[in-house]
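Chemist: Dropping the structure in here first, questions after.
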Amino acid sequence: MNSPINNKASGTDEMYVILGASGNTGSIIGDSLLSKGKKVRVVGRDAARLQRFVRKGAEAVAADLTDGAALAKTLSGARAAYLLLPPITTREDQERDSDAIAKAVKESGLPYAVNLSSYGAHVPGGTGPVTGLHSSEQKLNAISGLNVLHLRAAYFMENNLAAIGMIQAIGRFGHALLPDLKLPMIVTRDVGDYAAQRLLELDFSGKQTRELLGERDLSTTEATGVIARGIGKPDLRYVQFSVVTGGTEGIGFATAKLFVEEGAYVFITGRRQKELDEAVKAIGTNVSGVQGDVAQLADLDRLYETIAKLKGRIDIVFANAGVGEFVPFGAVTEEHFDKLFNINVRGTLFTVQKALPLLNDGGSIILNGSVASLKGTAAFGVYAASKAAIRSFVRTWTTDLKERRIRSNVVSPGPIKTPLANRQSADVIARIVSTVPMGRMGEPEEVAKVALFLASDESSFVTGIELFVDGGRAQI
């Protein structure tokens with residue numbers, strides 16, 4: 001940390017320290033305090049971006065907020081400070097930074113602080129990055145002698161500006177949030193103005209919180225309308241982003257088509273370019289095809305590199321790609337086993353794992369299982385075992401991903417009119433249908449509707465389950 005500070009300032013100097021001064025809220029606070037003739041020390045990672053405050057009379061400190069001892073020196077002698085955690089990528093980053101800030105506040109003897117937190121920070125866990133803000137509040141609350149006001153701000157309207165490139169590229173606005181889910185939203189100027197006023201008046205004591213929720217709650221569809229009017233694009237629509245592997249035929253195609261009809265933008269994959277192009281054409285709008293084989297990790301890397309470039313984030317992953325073959329137990333070969341497990345198990349695992357950096361908190365993972373995992377269908381043992389592994393995955397992932405509120409579920413079809421089924425003889429189909437209480441084969445569209453349910457807010461309290469779409473076959 002490069003700091004001009006060598007000696008403690010007198011408390012009567014009423015120095016104000018602003019962390020993140022070049023950010024949305026920090027810059028507003030800095031300008032406000034300087035306009036009132038206050039002594040201000042601005043802190044940020046980029047010294048060049050702090051120079052505009054220096055020209056107005058502020059001290060500037062280019063700081064690494066992980067250095068608690070140096071940060072304590074920066075806070076030394078200040079009357080009050082504006083605190084916040086920098087943008088983060090992991091919970092570990094949040095804990096490291098909040099530890100350093102709390103250490104600095106305690107060692108410097110800072111008497112007053114306004115701390116930027118978030119709506120929902122009263123909840124100790126299960127809220128994604130907001131969990132780290134809860135932890136930060138607790139650390140500051142534990143400091144004796146500190147008067148701190150936690151500002152639990154709503155979702156920043158300015159967060160939507162990150163989508164401008166997307167809007168320019170595809171004429172759509174997409175995000176993780178459900179279209180009709182209403183959330184409190186607020187502009188950062190209102191947050192900055194309120195924080196500056198509290199710093200000027202210091203009219204709080206002890207440990208206090210204040211929610212800043214904005215004028216009214218807005219759905220993302222309504223927020224999209226605000227953006228549309230602001231940029232002169234009245235036809236701008238809000239979409240969610242989905243990935244459907246094996247989307248060129250059968251259940252995958254039907255699901256991708258239904259997702260698009262329900263307002264999503266969908267990426268589908270397939271091994272053969274011709275069939276992929278035909279599927280994209282048949283679905284029509286709001287769909288992109290990326291050729292690849294889920295058993296090839298390089299192809300999965302290319303898929304998500306494409307998505308990251310075009311959209312940045314995704315909300316739903318339907319790992320549908322799979323293969324099945326009837327081979328009697330005594331005739332099973334190493335090649336048969338490896339083929340099914342490489343695609344059905346290995347491919348599914350890495351399809352989801354490689355999606356995680358792009359998958360929004362609160363997203364949905366859906367795996368395509370099979371009733372075969374529960375039934376002893378002759379000559380279908382390797383396929384059945386591969387689908388049993390799929391069922392096991394979601395149990396583990398439900399625990400692994402709970403902090404990110406990502407739901408994982410399996411949709412397990414029974415006999416469905418897919419290309420695999422269509423290759424069977426009439427006698428085989430008749431025997432299969434005889435095992436189904438409803439007396440018929442299912443349609444891919446019937447499975448797609450269940451996948452849509454698991455992807456939507458209608459299943460917001462559903463995770464870790466296997467949902468059968470099998471005409472009752474698994475139940476008898």
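The values are calculated or read from the model by the stated rules, or taken from the named source; none is laboratory data. Computed from a prediction, not measured in an experiment: that's the story for all the values here. Because the Cβ atoms are built from the backbone with ideal geometry, glycine has one as well, and the counts that use them run over all protein chains shown. The protein model used for the area step is the full one, side chains on, heavy atoms only, and it has no ligands, DNA or RNA in it. Shrake-Rupley method; radii C 1.70, N 1.55, O 1.52, S 1.80 Å.
Chemist: Taking every DSSP beta bridge that has both residues in the chain, what percent is antiparallel when rounded to the nearest 5? Write out the running numbers ahead of the final one.
Modeler: Numbers: 4 of 66 bridges.
Expressed as a percentage, antiparallel bridges in the chain total about 5.
Chemist: Could you compute the net charge surrounding Ala372? Neighbours are other residues with a C-beta less than 13 Å from the C-beta of Ala372; K and R count +1, D and E count -1. Working shown, then result.
Modeler: Numbers: positive: Lys375, Lys387, Arg391, Arg473; negative: Glu325, Glu466, Asp470.
In short, +1.
Chemist: Report the charge-dipole magnitude of the stretch 336-476 in Debye, nearest 20, computed about the Cα centre from +1 at each Lys and Arg Cβ and -1 at each Asp and Glu Cβ. Please list the in-between numbers first.
Modeler: Values: 17 positive and 12 negative charges, 67 e Å.
The calculation lands at about 320 debye.
Chemist: Name the shape class, rounded, prolate or oblate, that the alpha-carbon gyration tensor gives for the stretch 111-161, where a ≥ b ≥ c are the square roots of its eigenvalues, rounded holds for a/c under 1.5, and otherwise prolate holds if a/b is larger than b/c and oblate otherwise. Please report the intermediate quantities before stating the final value.
Modeler: Numbers: a/c = 3.29, a/b = 1.53, b/c = 2.15.
Because a/c hits 1.5 or more and a/b fails to exceed b/c, the stretch 111-161 counts as oblate.
Chemist: Also, I was wondering about something else. What is the angle, in °, between the Cα long axis of helix 250-261 and the longest principal axis of the Cα atoms in the chain? Nearest 10 is fine, range 0 to 90.
Modeler: Compared with the principal axis, the helix lies near 40 degrees.
Chemist: Also, quick follow-up: How much length, in nm to one decimal, is gained on full extension between Arg405 and Phe326, taken as 0.36 nm per residue of separation minus their Cα-Cα distance? Before the final figure, lay out each step's value.
Modeler: On the way: separation 79, 0.36 × 79 = 28.44 nm, distance 3.81 nm.
Length difference between fully extended and current span is 24.6 nm.
Chemist: In addition: Gln296's amide H: which non-local residues (gap 5+, or another chain) put their own amide H closer than 5 Å, with H modeled 1.01 Å from N in plane and none for Pro or chain starts?
Modeler: none
Chemist: Can I ask one more? In a shell of Cβ-Cβ distance under 15 Å around Gln296, excluding Gln296 itself, what net charge do Lys and Arg (+1) and Asp and Glu (-1) give? Before the final figure, lay out the partial values.
Modeler: Numbers: positive: Arg271, Arg272, Arg302, Lys339, Arg346, Lys354; negative: Asp293, Asp299, Asp301, Glu305, Asp338.
Spelling it out: positives minus negatives among the neighbours equals +1.
Chemist: To the nearest 10 degrees, how steeply does helix 297-310 sit against the main Cα axis of the chain, on a 0 to 90 scale?
Modeler: Roughly 50 degrees between the two axes.
Chemist: Right, next: How charged is the neighbourhood of Pro124? Take every other residue with its Cβ under 12 Å from the Cβ of Pro124, and add Lys/Arg as +1 and Asp/Glu as -1.
Modeler: Details: positive: none; negative: Glu137, Glu403.
So the surrounding residues net to -2.
Chemist: What does the highest-first list of 15-28, 65-78, 425-438 look like by mean Cβ count within 10 Å? Please report the intermediate quantities before stating the final value.
Modeler: On the way: 15-28: 24.1, 65-78: 20.1, 425-438: 11.9.
The densest-packed peptide leads the list: 15-28, 65-78, 425-438.
Chemist: Can you tell me the relative contact order of the stretch 321-476? Whole percent, Cα pairs under 8 Å, sequence separation 6 or more. Please list the in-between numbers first.
Modeler: Details: 216 pairs, mean separation 40.9, N = 156.
Computed value for the stretch 321-476: 26 percent relative contact order.
Chemist: Something else now. Using alpha carbon coordinates only, what is the Rg to Rh ratio of the stretch 317-476, with Rh defined as the Kirkwood radius? Each step should come with its number before you reach the end.
Modeler: Numbers: Rg = 16.0 Å, Rh = 16.3 Å.
Computed over Cα atoms, the ratio is 0.98.
Chemist: I've got another one for you. Assigning unit charges at the beta carbon (Lys, Arg +1; Asp, Glu -1) and nothing else, what dipole magnitude in debye, to the nearest 20, does the chain show about its Cα centre? Provide the component values of the computation, followed by the final result.
Modeler: Values: 54 positive and 51 negative charges, 139 e Å.
The dipole magnitude comes to about 660 debye.
Chemist: Which percent of the accessible area of the stretch 27-184 is formed by carbon and sulfur heavy atoms (probe 1.4 angstrom)?
Modeler: Answer for the stretch 27-184: carbon and sulfur cover 53 percent of the accessible area.
Chemist: Just how large is the dipole of the stretch 319-405 about the Cα centre, in debye to the nearest 20, putting +1 at every Lys and Arg Cβ and -1 at every Asp and Glu Cβ?
Modeler: Details: 10 positive and 7 negative charges, 69 e Å.
Rounded to the nearest 20 debye, it is 340 debye.
Chemist: Considering the dipole of the stretch 186-330 built from charges on the beta carbon (Lys and Arg +1, Asp and Glu -1) around the Cα centre, which of Leu218, Gly230, Val280 is farthest to its positive end?
Modeler: Projecting each Cα onto the dipole axis, the largest value belongs to Gly230.
Chemist: Any idea how far apart Ile231 and Glu215 come out in nm if each label point goes 7 Å out from Cα toward Cβ?
Modeler: About 2.1 nm, to one decimal.
Chemist: Working from Cα positions, state the angle (0 to 90°, nearest 10) between the long axis of helix 220-231 and the longest principal axis of the chain.
Modeler: Helix 220-231 sits roughly 60 degrees off the main axis of the chain.
Chemist: Determine the share of the stretch 403-476's accessible area contributed by carbon and sulfur atoms, expressed in whole percent, with a 1.4 angstrom probe.
Modeler: Values: 2210 of 3840 Å².
It is 58 percent, rounded to a whole number.
Chemist: Before I look further, what does the chain give for accessible area per residue, probe 1.4 Å, in whole square angstrom?
Modeler: Details: 21510 Å² over 476 residues.
Normalised by residue count, the accessible surface of the chain is 45 Å².
Chemist: Can you give the calculated 222 nm mean residue ellipticity of the chain, where each DSSP H run of n ≥ 4 adds -39,500 (n - 2.57) and the sum is split over every residue, rounded to the nearest 500 deg cm²/dmol? Display every interim value, and only then the final one.
Modeler: Values: 17 runs with 189 residues, N = 476.
Helix-only estimate at 222 nm: -12000 deg cm²/dmol.
Chemist: Using the alpha-carbon centroid of each, what span in Å lies between the stretch 270-317 and the stretch 355-384?
Modeler: 19
Chemist: Further question on the same structure: Please say if the chain is rounded, prolate or oblate, where rounded means a/c under 1.5 for a ≥ b ≥ c the square roots of the C-alpha gyration tensor eigenvalues, and otherwise the choice is prolate for a/b larger than b/c and oblate otherwise? If you can, show how the numbers build up before the last one.
Modeler: Values: a/c = 2.84, a/b = 2.40, b/c = 1.18.
Because a/c hits 1.5 or more and a/b exceeds b/c, the chain counts as prolate.
Chemist: Quick one: which of 315-322, 412-419, 204-211 comes out on top by average Cβ neighbours within 10 Å, and what's the full order, highest first? Can you show the working numbers first?
Modeler: Values: 315-322: 26.6, 412-419: 20.4, 204-211: 14.1.
With the highest mean Cβ count within 10 Å placed first, the list reads 315-322, 412-419, 204-211.
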